[in-house]
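Asker: So that we are looking at the same thing, I have put the structure below in structure tokens.
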Amino acid sequence: MHMTLAEPKTGDKPGAEYAPVARILARYNRDPAKLIPILQAVQEEYRYLPEAAINYVAASLRLPPARVYGVATFYAHFALQPKGKHVFRLCDGTACHVKASIPILEALRAKLGLEEGQETSPDMMFTVETVSCLGACGLAPVMLVNDEVYGQVTPQRAVELIEEIKQQKGAGNDE
């Protein structure tokens, strides 16, 4: 479930908006050595790492905020901006690029009305991003939709996947 987290004000005490982050911190015994799994759990909760959550984690673990931001920005897995409910990760590694991954990217962007540099649809349903390699070169061009792998994808198949997800949502299957 996607939630928002209010930015903390100076002198604020933890409130209900921090309850999910507080539970995550408690699960990891507020152990600074568990920073990466803590950030992973926070991102799973919010679908990205809100600035307020990063600051709350840093304060709770008694770490400098710059260190927590450093970890969050070093690993490509972490996102500092909200992502859509359905994330399309298109491989643009050498094998996929040679087998025409760019037309797939263009078809996805066109279908969702995404401008250059825009990754997430305004309705927060879809995020389209490229990755350097998914490690499935034999399936090139390959794409992950959420956690499902699709190999030998064509621009037409990529657009069909968007339509299938939209139809599932329309059928009351809001997964």
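Bear in mind that the values in this text are calculations on the coordinates, not laboratory data. Remember, predicted model here, so these are calculated numbers, not experimental data. Methodologically, a virtual Cβ is constructed for each residue, glycine included, from the backbone with ideal geometry; neighbour enumeration extends over all protein chains shown.
Asker: Which of the trypsin sites (Lys or Arg not before Pro) across the range 12-109 are loop residues per DSSP, with 11 or fewer other Cβ within 10 Å?
Answerer: Sites meeting the loop and neighbour criteria: Arg62.
Asker: Which cysteines does the chain leave without a neighbouring Cys Cβ under 4.7 Å?
Answerer: That list is Cys133, Cys137.
Asker: Which of the GluC sites (Glu not before Pro) found in the range 74-117 are loop residues per DSSP with 14 or fewer other Cβ atoms within 10 Å of their Cβ?
Answerer: Sparse-neighbourhood loop GluC sites (Glu not before Pro): Glu115, Glu116.
Asker: Taking the chain as the reference, fit the longest principal axis to its C-alpha atoms, fit the long axis of helix 155-170 to the helix C-alpha atoms, and give the angle between the two in degrees, 0 to 90, nearest 10.
Answerer: Once rounded, the angle reads 60 degrees.
Asker: Explain nothing, just compute: Karplus ³J(HN,Hα) = 6.51 cos²θ - 1.76 cosθ + 1.60, θ = phi - 60°, for every residue of the range 93-108 in order, whole Hz, x for Gly and Pro.
Answerer: Computed from phi, the couplings for the range 93-108 are x, 3, 4, 5, 4, 4, 8, 6, 6, 4, x, 5, 4, 4, 5, 4 Hz.
Asker: Considering only DSSP beta bridges whose two residues both sit in the chain, what percent are antiparallel, to the nearest 5?
Answerer: Percent antiparallel among DSSP bridges in the chain is about 55.
Asker: Counting only helical runs of four or more DSSP H residues, what would the 222 nm mean residue ellipticity of the chain come to if each run contributes -39,500 (n - 2.57) and the total is spread over all its residues?
Answerer: Value at 222 nm, helices only: -13000 deg cm²/dmol.
Asker: Name the chymotrypsin sites (Phe, Trp or Tyr not before Pro) in the range 55-125 that are in a loop by DSSP and that have at most 12 other C-beta atoms within 10 Å, would you?
Answerer: Of the chymotrypsin sites (Phe, Trp or Tyr not before Pro), the ones in loops of the range 55-125 whose Cβ has at most 12 other Cβ atoms within 10 Å are Tyr75.
Asker: So, one more: Using amide H atoms built in the peptide plane, which far-off residues or other-chain residues are under 5 Å from Val87 H to H?
Answerer: Sorted by chain and number, the residues that satisfy this are Thr127, Asn146.
Asker: Also, quick follow-up: Report, to two decimal places, the Cα Rg of the range 36-98 normalised by 2.2 N^0.38 Å (N = number of residues).
Answerer: 1.32
Asker: Expressed in nm², what is the orientationally averaged projection area of the convex hull enclosing the Cα positions of the chain?
Answerer: Value for the chain: 11.6 nm².
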